[in-house]
1. Which one, P100, F161, I131, is farthest towards the positive end of the dipole of region 41-171 when Lys and Arg carry +1 and Asp and Glu -1 on their Cβ?
2. Near F47, within a Cβ-to-Cβ distance under 10 Å, what is the net charge of the other residues, with Lys and Arg +1 and Asp and Glu -1?
3. On average, how much area does the Cα convex hull of region 41-171 cover when viewed from any direction, in nm²?
Amino acid sequence: MHRYQIALLFFALGIFVVTSFFIFWAKKVDEQSLILKSIESEYDSIFVFFSNNIMASEVSDCNVTYPVRRDVNLTTEVENSRGHLGELVYRSLSELLKGPDDVEKDLGYFTSLNEDSKVQKISIENGVATIDFSAKLNEGVTSSCRIQAIRSQITKTLKQFPEIKEVIILINGELKEILQP
């Protein structure tokens, strides 16, 4: 009977050790996910700016654009490839170039950016974001009001981030006569 009690004691001790390990491991996984969440981003959503023909019906200023919230999901792997702010800028511009969705359109939102415009390069240095777009952005843009709206959409979308103080818009690497009527 003595051997039986010792075997039962070791069996119980083994269960205790295995259970403790799994509890410790689960706690470590939870701690790691909390750390990753805190590292990821202080932003869980971003804003993109569009014109709105309902809200602006009494406003004649072409620079007036309105924020629309978009959720972002930054992963550490993707963020590390561009840096935290670079990834936020890239995601913001990607959402801006998608334009308003059907619900947003029903609410009067519209974009002045040409469909199929692409971001070719993003550079952020000393608070200045330089964004190089494809030529499609400027294609067929002739009215000064539309030019102001395009600049407002891009600039306000990027200046939502306090680190960005100035926005420079390039097309195919060129600044001269960009978005001019």
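Each value in this text was obtained by applying a stated rule to the coordinates, not by laboratory testing. Small disclaimer: the values here were computed from a predicted structure and weren't measured. Virtual Cβ from ideal backbone geometry, glycine too; neighbours counted across all protein chains shown.
1. In region 41-171, that residue is I131.
2. +2
3. With every direction weighted equally, the projected area is 8.0 nm².
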